[in-house]
Each structure stands twice: as structure tokens, then as C-alpha cells.
């Protein structure tokens, strides 16, 4: 498989992480270097790691989670999205309770946006692709697009304020619904 094909796969996988980063940036949750680094580093790490895990585990686990992986992704994204919307609707409160750049919320977002990479890893194993280079490209592209999403979202958040936090929550819920719709229909 060519480098360009792997690159296109990486861009496709990174779109969920980009959209989530856009929402986090819009909510101004990662407006300094450290939180931004945590987001793009972890999104890239999880995409690469899930690709490797999919390659390592083989098709047995894919059959076990394929029937409900979309529900997991939907539930995680919806939970964080609803919290962001709720926070955005509260007058005068600029910070929501859960920081999406740390702890359990960050892990949930990383898992939710990287479940597809598990299936891609399984596919790459069947195609006998050099998994280390493929996973590296996938991780780097995801990290780069996540940083871009944070920067764009942060600019929007500065300009439009708390309404962008509501939009960010709606984006997360929309991604969750798209994942659910794609797998169910």
C-alpha cells in the first residue's frame, strides 16, 4: 500500500478527532499550550495505538465489539456534548465542570474518536502493510489535524464566546449521531 493511500486513510480517520478538537477549541477549553498539547498528543497517540491494537488483536475481537462499538462511541460523545451544551447555557459561567483536556473525559474522547482505527488496523493486518509506519502516519496526521481544529475553534471561541461552547457540544452530539447512523443504516 502506498504512502499516499495510508495518508488518505489517516485523514479519514482523523476527521472525528478534528471535529472534536474544533468543539473543544470553540469552548475555549484548550486555549493555552499545555491543554492544547494534551488534546492533539493524546488524539494522535490513541489513533496510532488503536491501529496497532487492531493489527495485534486480530479479527476475533472485531467480531465481539463490532455489534456495539458505535453505541460506545455515541454514548461517550453524547455525554461530553450534553455537558458542554449545559455549561454553555448557564449564564455567567465560563468554565464547564469537566475539563475535556484531562482525565476521564480526555480518555473517553480519545476512545470515542479512535474506535474506527481499530477496524482499520485489522484491515491493514490482512493487507500485510508495514503497521509501524502506517500507525505512525495515522497518529501524526491525527495530531496535526487535531491541533488545526483547536486553533480554528479557539479563534471562533474568542470571537463568539459561550455560544461556541454550545456549538461545540452540538458538534460532538452530531458526530455521535453520525457514527450511530452510519453503523445502523
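Assorted remarks:
- From 89, 122, 77, 109, residue being under 20 Å from residue 169 (Cβ atoms), at pLDDT below 85 and either within 13 Å of the chain's Cα centre (by Cα) or buried (at least 16 other Cβ atoms within 10 Å of the Cβ) (or both): 77
- Region 152-162, residues that are modelled with pLDDT under 75 and either closer than 11 Å to residue 89 by Cα or in a helix (DSSP H, G or I) (or both): 162
- Verdict on residue 145 being out of contact with any helix residue (DSSP H, G or I) (no Cβ under 6 Å at 6 or more places or on another chain) and either surrounded by fewer than 23 Cβ atoms within 10 Å (Cβ to Cβ) or part of a helix (DSSP H, G or I) (or both): no
The values are calculated or read from the model by the stated rules, or taken from the named source; none is laboratory data. On a predicted model such as this, the values are computed, not experimentally measured, just so you know. When we count neighbours, we look across all protein chains shown, and the Cβ atoms used for this are built from the backbone with ideal geometry, even at glycine.
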